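Enquirer: Structure provided below as structure tokens; questions to follow.
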Amino acid sequence: MSSDALAIETAGAAGKPWVETLHEWVTTVDHKRLGILYIVYALVFLLIGGIEATIMRIQLIRPHNDFVSPQVFNRMFTMHGTTMIFFVVMPVLFGFANYLVPLMIGARDMAFPRLNAFGFWLTAFGGLLLNLSFVSGSGLYGAGTAPDVGWWAYAPLTAHAFSPGHSSDYWTIALLVSGFGSIATGINIIATVLSLRCPGMKLSRMPLLAWMNMVMAGLVLITLTPLSAAQIMLLVDRYLGGHFFDTQAGGSAAIWMHFFWIFGHPEVYILVIPAFAFVSEIVPVFSRKPIFGYPVMVAATVCIGFISMSVWAHHMFSIGMNSKANTFFVLTTAAIAVPTGIKIFNWLGTMWGGKIIFKTPMLFCIGFLFQFLFAGLTGIMLGSAPFDWQLTGSYFVVAHFHYVIVGGILFALFAAFYYWYPKITGRMLSESLGKLHFWLMIIGFHLTFDVMHIPGILGMPRRIYTYEPGRGWDTLNLIVTLGTFIQGIAVLIFVVNLIFSYFKGRLAGNDPWDAWTLEWAVSSPPPVYNFAVIPTVESRRPLWDLKHPEDPDSRYE
Amino acid sequence: MSAITTPIVPTPAGWSLPYKGKVGMACLIIAESSIFTIFVVAYLFYLGKSLSGPTPREVLETPIFFTICLLSSSVTIHFASRSLEHGKRGAFLGLWLLTIVLGGLFLFGTGQEWHRLIYEHGLTISTNLFGTTYYSLVGLHGTHVIVGLILLTIVLLFGLAGRVGPEQSARVGVLSMYWHFVDAVWVVVFTVVYILGR
Amino acid sequence: MGTDWLVVTSRAACAIIFLIGIFLAARLCGAQSSTPNPVPNIFEPHSTPADSIDELSRFVLIITAVIFLVVFSLLAFAVVKFGKRASDNDREPPQVYGSNQIELAWTVIPILIVVILFLASARVIHGIQDAPKPSTAIDVTAIGHQFWWEFRYPGLGVVTANELHIPVSETARPTPTFLKLLSADTDHSFWVPQLAGKTDLIPNRVNNMWLDPHRTGIFLGQCAQYCGTQHAKMLLLVSVDSREDFEAWVRAQRQPANHDEKENAGRRVFETTACINCHAIGGTAANGRFGPDLTHLMSRRTIASGAAENTTENLRLWIQKPDALKPGSLMPAMQLTDNDLDALVWYLETLK
């Protein structure tokens, strides 16, 4: 049995036949291996989701284009959204959480290792089921019977009358299954953080990554389940003759929207809070200072978690709610800007007065800070209901949320990859390829998503497979599409870096970044048992205390 | 960077963390509560909105006896757990069995009521909004009762085989938490369907 | 060292490009010209709801721009000033853990900004949604279909499709148009950016909105809530007419179909094939409601809800092979012989 979590042995001379290695990976319950499985799975689906996006952008490169039919286009935007959210971003974040949380709190594994594996495989099969829809029905180029109802699957578009066949069912069941996997992960993270911390690690000494993943897990438990409930109701409608969303029988289309967005808004915080966690771990190390305002960061994250459950109907400002309801949701939406802004200021405060090292993880974090700031501000615009009555349902919203997810979350994820890859594999990623990746992403991202705000302002709705010429949208769409190709190249360079560095990267050692949390105390990759002896900690930065015994953090906390 | 080894420091006195089983079950209960809340909201929202067909007032009969059965089963499982903690295996098994019987009676009562509603009043899940929301909500709860009974029976079988003792009382306590949750949900469902909804 | 300058410069460049873009977009196509502006720009409003939104939006934009510039500058300054220099020794910088006063400051100021934004928005929400309906208002019921718009004027006895005619509303004697929004099938959304924010059409639900355009002209929009395959081609054209023109239009629309009584082969084709199942023509036996009312088909510039210009060739094509113009629309291919098709199109072109 190998003592390295990631050692992949070849058959023959090294001894183990590949079948046995495969069997080990498929039956693993080790949090590190499951973390890697989640991450690799997500990367594969990132490429698939990226192809779906590229197909859409080629279709929209000029008006009245016929690169794909309207039916295929509609399947593309549905699958792109669903895949990216549920089978790329969520799995990759769960992967990092699984890998890092036990190490950072001084534990040997997650609280429920078998539940962990169960959760992964549910998610994995959900994604496979969803993509199986491409090869059913009219086959891949007609995009099979992939769902085409948008990733929100609004009723009554999903009723049998408007979605005959099984395309909606692929969406419903794939997400129901992977949703249960996510709930399993949520349970595991919370139980791990509450029950398995090493001695001395009070909650107030826990790394922010552990705190933030705990808040994320709480949100998963409370808000992923409304989507599951709505999906069960949809299945009752479609297969048992129920009327939950049957407007002909007096049912309400709006209630689907409420249930969906009660899930859907907190979902985006489930996506972004772990990204905050990465930034909160990386920026201090590369600024050579502790995080500014640790207690405030914790409080702000918890506040964001709570407030996020009260803002959902800002996605529904145009559906005709009365003025009092609209006003309420404007208030809660504006309120959530306060703790979010506080976090940006705290990251700024961390950098201030530091000695910033501009290695690739930090470059991506700096990108995150500027871009997340901008995205938050367009969010404030959208939070003002009357302004939203113009902007919602248009390309302005599409630009806004891609700014958050790509400019914010994906950049933070890239930072996390460059920072923790050495720990996971024992080798450094190439810094020059990393910088090339970063600059290409900057160029491509801004070309696409800065410009994309403008067609929205000029009246271009979203989810349209083509558009009329002469409305001022033509050149803008062309530029947006060009940026997509540049981003694609950037991501491919990243993937090349991941693969190349695995074999040829510089050996990392335990602690290549001179960092301060527990995962850097063990070898790279860590042994399967993580810690030979479970450590006892006395401050938030146990390795700082060891490296600076004359000036330990414990004196100041 | 030189390797840092974590020093061997004595464990601080009194370092104890909650039992992970209880934390995990509490999390599951939170998640399940969220699902039930959505079904309850749908039920309440659609009250009075059916375009046709039987109304709650016309067809529902308050299941008092079977509710008492289910709620008593919470009492019996509580004492069963306590007996197990104190090593009284006989009392544990007896009370545990009684819990299962009471739960089974509740399920029987639900089945009986559904039979009456379907065959005497023609109310099915597809009849109208009331039918859809009623069967979904009560059915979702019933499904959780069935799962609970299966788990309880597995523990009973292990218990009869002599493998359940005080060392397992923490795990049995976790299952008992689940059962209490199922009963608490019934209190809510009962209030919403049979009291508020008529 | 070079990296941090590059980071900041590229950020600044992007910010400047974007801000320029916003202003350009806001000024695209001269707002003063008399020819209709084909660009449905939300910052070129011509109706009170759109005006209020525009005013609020500029206020919000200014506030967010100031926040952006301040925080951007601080971030840029930090990146440039606090980079580790090659000449630095290996000592760590002062380890600062936080500051309660600073945290308080940057909590209180955002809260104040939030309150201001909230109050400003609340005022506009109330002003638009709770506006009373004057007795001089024109009532229109808009019914969304997959993939076309049905417009009924209950007070005026007019039924038409896809192209909405409303009168200009003068300040002296306001005649706003109040729309009741319904849906026959799935969710849709009525969005004509220069006249108002969008409001959805949702089945089994009645929504309301109003417009009071200040100038005549053609204003473009389209459905803004994904409603199925041809959501992209559910276009909207609003023709704001002078009072006289509007009244003339209403008079013409109220007439039954304009055709003479002598034998008409095309009319016979219409009435004996499946056309009458879906379409209505006033004054004839055809009163189907699934598709648009065709009584005054030729008074419209486009067919298929904006998918094509209203020409003879397009009419032929639309009837024979709708998928050529709007694949996935619910208009069936009518499988007519060439003779029947000619007669039918000739008949339809008499429906002025």
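Enquirer: Consider residue A:545 carefully, then state whether it is of a type in the set (D, E, K, R) and within 14 Å of chain C (Cβ to nearest Cβ).
Expert: Yes; evaluated as a whole, the condition is true for this residue.
Enquirer: Considering (1) within 17 Å of residue C:46 (Cα to Cα); (2) surrounded by fewer than 21 Cβ atoms within 10 Å (Cβ to Cβ); (3) within 14 Å of another protein chain (Cβ to nearest Cβ), say which one residue C:115 fails and leave the rest.
Expert: The one condition residue C:115 does not meet is (1).
Enquirer: Restricting the search to segment A:266-320, which residues are part of a loop (DSSP other than H, G, I, E, B) and either more than 9 Å from chain C (Cβ to nearest Cβ) or under 20 Å from the mean Cα position of the chain (by Cα) (or both)?
Expert: Selection gives A:311 alone.
Enquirer: Separate question: Just to be sure, is residue A:107 outside any helix (DSSP H, G or I) and either at pLDDT 95 or above or touching a strand residue (DSSP E or B) at 6+ places or on another chain (Cβ under 7 Å) (or both)?
Expert: Criteria met by residue A:107.
Enquirer: So, one more: Between residues in segment B:31-51 that are more than 8 Å from every other protein chain (Cβ to nearest Cβ) and residues that are not in a helix (DSSP H, G or I), which pairs lie under 6 Å by C-beta distance while being six or more apart or on different chains?
Expert: Once the first residue is more than 8 Å from every other protein chain (Cβ to nearest Cβ) and sits in segment B:31-51, its partners that are not in a helix (DSSP H, G or I) give B:47/B:197.
Enquirer: If you don't mind, there's one more thing I want to ask. Of everything in segment B:156-180, what is in a helix (DSSP H, G or I) and more than 23 Å from residue B:29 (Cα to Cα)? Give them in sequence order.
Expert: Those that are in a helix (DSSP H, G or I) and more than 23 Å from residue B:29 (Cα to Cα): B:157, B:158, B:159, B:160, B:166, B:167.
Enquirer: While we're on this one: So residue C:205 clears everything in (1) within 14 Å of chain A (Cβ to nearest Cβ); (2) under 30 Å from residue A:256 (Cβ atoms); (3) in contact (Cβ under 8 Å) with a residue 60 or more places away in the chain; (4) not acidic (Asp, Glu) except one condition, right? Which one?
Expert: Result: residue C:205 passes all but (3).
Enquirer: Can you find even one residue in segment A:207-223 that is within 11 Å of chain B (Cβ to nearest Cβ), farther than 16 Å from residue B:30 by Cβ and assigned to a loop (DSSP other than H, G, I, E, B)?
Expert: Within segment A:207-223, none of the residues are within 11 Å of chain B (Cβ to nearest Cβ), farther than 16 Å from residue B:30 by Cβ and assigned to a loop (DSSP other than H, G, I, E, B).
Enquirer: Taking the criterion of being within 10 Å of chain A (Cβ to nearest Cβ), of a type in the set (Ser, Thr, Tyr) and under 22 Å from residue A:389 (Cβ atoms), would at least one residue in segment C:229-250 satisfy it?
Expert: Looking for residues that are within 10 Å of chain A (Cβ to nearest Cβ), of a type in the set (Ser, Thr, Tyr) and under 22 Å from residue A:389 (Cβ atoms), one finds none in segment C:229-250, hence no.
Enquirer: Let me ask something else about it. Taking residue A:513 and the conditions (1) touching a Ser or Thr at 6+ places or on another chain (Cβ under 7 Å); (2) farther than 27 Å from residue A:49 by Cα, which numbered condition does it fall short on, given that it satisfies the others?
Expert: Residue A:513 satisfies all of (1) touching a Ser or Thr at 6+ places or on another chain (Cβ under 7 Å); (2) farther than 27 Å from residue A:49 by Cα except (1).
Enquirer: Count, please, the residues in segment A:345-369 that happen to be at the interface with chain C (Cβ under 7 Å from one of its Cβ atoms), among the β-branched types (Val, Ile, Thr) and either part of a helix (DSSP H, G or I) or touching a Cys at 6+ places or on another chain (Cβ under 6 Å) (or both).
Expert: 1
Enquirer: Can you work out which of the residues in segment A:97-150 that are within 14 Å of chain B (Cβ to nearest Cβ) and aromatic (Phe, Trp, Tyr) is surrounded by the fewest Cβ atoms within 10 Å (Cβ to Cβ)?
Expert: Step by step, filter segment A:97-150, then rank; the result is A:118.
Enquirer: A follow-up question, please. Just give me the residues in segment A:58-68 being surrounded by 19 or more Cβ atoms within 10 Å (Cβ to Cβ) and either of a type outside the set (S, T, N, Q) or within 26 Å of the chain's Cα centre (by Cα) (or both), in sequence order.
Expert: A:60, A:68 - these are the residues of segment A:58-68 that are surrounded by 19 or more Cβ atoms within 10 Å (Cβ to Cβ) and either of a type outside the set (S, T, N, Q) or within 26 Å of the chain's Cα centre (by Cα) (or both).
Enquirer: What's the total number of residues in segment A:385-414 that are under 13 Å from the mean Cα position of the chain (by Cα) and either under 21 Å from residue C:56 (Cβ atoms) or small (Gly, Ala, Ser) (or both)?
Expert: The number of residues fulfilling the criteria is 3.
Enquirer: Can you work out which of the residues in segment A:418-436 that are among the basic types (Lys, Arg) and over 19 Å from residue A:38 (Cα atoms) is farthest from the chain's Cα centre (by Cα)?
Expert: The selected residue is A:427.
Enquirer: Taking the condition of being under 29 Å from residue A:234 (Cβ atoms), out of contact with any Ser or Thr (no Cβ under 7 Å at 6 or more places or on another chain) and of a type outside the set (Gly, Ala, Ser), how many residues in segment B:14-39 meet it?
Expert: Residues flagged as under 29 Å from residue A:234 (Cβ atoms), out of contact with any Ser or Thr (no Cβ under 7 Å at 6 or more places or on another chain) and of a type outside the set (Gly, Ala, Ser) within segment B:14-39 amount to 9.
Enquirer: Quickly run through segment C:90-112 and pick out the residues that are more than 7 Å from chain A (Cβ to nearest Cβ) and farther than 30 Å from residue A:548 by Cα.
Expert: Within segment C:90-112, C:104, C:105, C:108, C:109, C:112 qualify.
Enquirer: So, of the residues in segment A:321-344 that are more than 26 Å from the chain's Cα centre (by Cα) and assigned to a helix (DSSP H, G or I), which turns out to be nearest to residue C:99 (Cα to Cα)?
Expert: A:331
Enquirer: Can I ask one more? Any idea which of A:242, A:250, A:264 is in contact with a Lys or Arg (Cβ under 6 Å, 6 or more places away or on another chain) and either surrounded by 24 or more Cβ atoms within 10 Å (Cβ to Cβ) or within 30 Å of residue C:188 (Cβ to Cβ) (or both)?
Expert: A:250
Enquirer: Go through segment C:36-84 and give me each residue that's more than 7 Å from chain A (Cβ to nearest Cβ), in a helix (DSSP H, G or I) and of a type in the set (Ser, Thr, Tyr).
Expert: If the condition is that a residue be more than 7 Å from chain A (Cβ to nearest Cβ), in a helix (DSSP H, G or I) and of a type in the set (Ser, Thr, Tyr), then C:48, C:73 are the ones that fit.
Enquirer: For the list (1) out of contact with any helix residue (DSSP H, G or I) (no Cβ under 7 Å at 6 or more places or on another chain); (2) part of a loop (DSSP other than H, G, I, E, B), I need the number of the one condition that residue A:248 fails.
Expert: Unmet condition: (2).
Enquirer: A further question on this structure: Go through A:392, A:327, A:360, A:333 for me and flag whichever is under 30 Å from residue C:91 (Cβ atoms) and not aliphatic (A, V, I, L, M).
Expert: Among A:392, A:327, A:360, A:333, only A:360 is under 30 Å from residue C:91 (Cβ atoms) and not aliphatic (A, V, I, L, M).
Enquirer: Output the residue which, of all residues in segment A:38-57 that are touching a helix residue (DSSP H, G or I) at 6+ places or on another chain (Cβ under 6 Å) and within 23 Å of residue A:103 (Cα to Cα), is surrounded by the most Cβ atoms within 10 Å (Cβ to Cβ).
Expert: For segment A:38-57, the residue satisfying everything is A:38.
Enquirer: Then there is this: Output the number of residues of segment C:159-198 satisfying the condition of being without any contact (Cβ under 8 Å) to a residue 60 or more places away in the chain, part of a strand (DSSP E or B) and either farther than 18 Å from residue C:234 by Cβ or among the small types (Gly, Ala, Ser) (or both).
Expert: Going through segment C:159-198 one residue at a time, the tally reaches 5.
Enquirer: On to the next question. Give just the number: which of (1) buried (at least 20 other Cβ atoms within 10 Å of the Cβ); (2) within 7 Å of chain A (Cβ to nearest Cβ) does residue C:167 not satisfy?
Expert: With respect to (1) buried (at least 20 other Cβ atoms within 10 Å of the Cβ); (2) within 7 Å of chain A (Cβ to nearest Cβ), residue C:167 is out only on (2).
Enquirer: Looking at segment A:341-354, I want the residues that are at positive phi and have a partner that is among the polar types (S, T, N, Q) with Cβ atoms under 9 Å, at least 6 apart or on another chain. Which pairs are those?
Expert: A:353/A:287
The values are calculated or read from the model by the stated rules, or taken from the named source; none is laboratory data. Since the model is a prediction, treat every value here as computed from it, not as a measurement. A quick note on method: Cβ atoms are made from the backbone with ideal geometry, for glycine too, and the neighbour counts reach across all protein chains shown.
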